[in-house]
1. Between 117, 151, 160, which is modelled with pLDDT of 90 or more and out of contact with any helix residue (DSSP H, G or I) (no Cβ under 7 Å at 6 or more places or on another chain)?
2. Looking at segment 172-181, can you tell me whether even one residue there is at pLDDT 85 or above, within 19 Å of residue 102 (Cα to Cα) and surrounded by 14 or more Cβ atoms within 10 Å (Cβ to Cβ)?
3. Which members of segment 159-184 meet the condition of being outside any helix (DSSP H, G or I) and out of contact with any strand residue (DSSP E or B) (no Cβ under 6 Å at 6 or more places or on another chain)?
């Protein structure tokens, strides 16, 4: 993607998804406030081996989503995003490696799509998350980074109300799937 006006960059959208045959793919899409792409980066498939599964244990998923995939993708960006949205709790681990607030999409005004995970963030389903609401947008931050709520609110306030924070993830998956088809 072309670099365009870097001052217009407002958000990064980062996701990891599993392909049964190839393993994990990661994708990062940087958008301007109009939802237009500024940059797109994706990984080759990553498939942890049995030794990694044993050695990393319960920390493997957050290591893969946070450091091995997320930090690597964000390092490729020509300018850091002002905030990053993710789809899963494991992807929140990328916050350890960047200065910008990282929030997981919990729900928004759009009905749940089949390809969008939906997480409950309440006392019974908390998982170490801090729930925040900005207008019709429901998000969650890692509790450790709950102080990111104010800077995140400032960034989200610059977006149009109709900006669907969950929609860019479908674009990322589609672009990676298209790259896979083209590469065959």
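1. It is 151.
2. For segment 172-181, residues at pLDDT 85 or above, within 19 Å of residue 102 (Cα to Cα) and surrounded by 14 or more Cβ atoms within 10 Å (Cβ to Cβ): present.
3. Once the filter is applied, which keeps residues that are outside any helix (DSSP H, G or I) and out of contact with any strand residue (DSSP E or B) (no Cβ under 6 Å at 6 or more places or on another chain), segment 159-184 yields 159, 160, 161, 162, 163, 164, 183, 184.
The values are calculated or read from the model by the stated rules, or taken from the named source; none is laboratory data. Remember, predicted model here, so these are calculated numbers, not experimental data. Positions of Cβ are backbone-derived with ideal geometry, glycine not excepted, and every protein chain shown enters the neighbour counts.
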